[in-house]
Amino acid sequence: MNFETSKNLGGVGAILIFVSVLLSYASVFSGVVSLVGLILVLIAFKGFADYYNEAGIFNNALYGVITVIVGGIVTVAIVFIAAVDFISELGLSFANVADWSTELAAINWTTVGFEIIGNFLTYILLALVVLFVFVLITAILLRKSLGLLSAKTGVGLFGTTGLLILIGAVLTIIAIGLILIWIATLILAIAFFSMKPQQSQSAMPAA
């Protein structure tokens, strides 16, 4: 795959990821657009890894994506276990789901033990901590990938994107973190379209 193809795929992919957030009202369509964008960006990273003979450009990005997927699966698993345990403690059964509305209405929530609620909240807190750790690891890997690409291309915006993603990951506990990551995808698109073949390769990658 040649330079221009990788450049255009990366730029279009980053734009799709950026736009997918604006389409979040249509969750399924938004998810498809985001996935297509992510795949295009990864293909672009692979193309540039081959073009500049730097495997880390693609490998770090790929490991980052795999890490966040694993983190999502682990988080969902913890939440599922928490829900099952909580339902069981309330005396509900999956065998009579149709009767849950009646049974839930009959529960005196003021007498539900603090231990039951505490266990549930502990699971949820654990799920959030696990997700945060995986997101942070993903951000570190993506920054390494973008730092290498910045060094090879001389386009500083790649390094800026990596830094914003890392800061955003640290701040995911508040809304501003997600906003920073979203803005980073737009800057990533601009960075891709700013590339030129055989640009200066003297810049050092981001730490």
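The values are calculated or read from the model by the stated rules, or taken from the named source; none is laboratory data. Keep in mind it's a predicted model, so treat the numbers as computed, not measured. Glycine gets a Cβ as well: all are built from the backbone with ideal geometry, and neighbour counts include every protein chain shown.
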Condition check: farther than 17 Å from S145 by Cα, among the aromatic types (F, W, Y) and surrounded by 18 or more Cβ atoms within 10 Å (Cβ to Cβ). Does F18 satisfy that? yes
Practice prompt. Would you check if there is a residue in segment 68-76 being within 17 Å of T185 (Cα to Cα), in a helix (DSSP H, G or I) and aliphatic (A, V, I, L, M)?
Written response: yes
Of those in segment 35-48 that are closer than 17 Å to T161 by Cβ and either within 15 Å of the chain's Cα centre (by Cα) or without any contact (Cβ under 8 Å) to a residue 60 or more places away in the chain (or both), the residue surrounded by the most Cβ atoms within 10 Å (Cβ to Cβ) is V41
Screening L166, L126, L142, L131 for residues that are in contact (Cβ under 8 Å) with a residue 24 or more places away in the chain and under 18 Å from A49 (Cβ atoms) leaves only L142
Reported set for segment 151-163 where residues are surrounded by fewer than 24 Cβ atoms within 10 Å (Cβ to Cβ) and either closer than 15 Å to A184 by Cα or touching a strand residue (DSSP E or B) at 6+ places or on another chain (Cβ under 6 Å) (or both) is V155, G156, L157, G159, T160, L163
Point to revise | Test result for L166, at pLDDT 90 or above, within 20 Å of V129 (Cα to Cα) and either surrounded by fewer than 16 Cβ atoms within 10 Å (Cβ to Cβ) or aromatic (F, W, Y) (or both) | key: no
Reported set for segment 52-67 where residues are surrounded by fewer than 20 Cβ atoms within 10 Å (Cβ to Cβ) and either over 17 Å from L141 (Cβ atoms) or of a type in the set (A, V, I, L, M) (or both) is Y52, N53, A55, L62, V65, I66
Those residues of segment 169-179 that are surrounded by fewer than 21 Cβ atoms within 10 Å (Cβ to Cβ) and touching a residue at least 24 places away in the same chain (Cβ under 8 Å) come to a total of 3
One residue is enough: does segment 123-135 have a residue meeting the conditions out of contact with any Ser or Thr (no Cβ under 8 Å at 6 or more places or on another chain), over 30 Å from N60 (Cα atoms) and modelled with pLDDT of 80 or more? yes
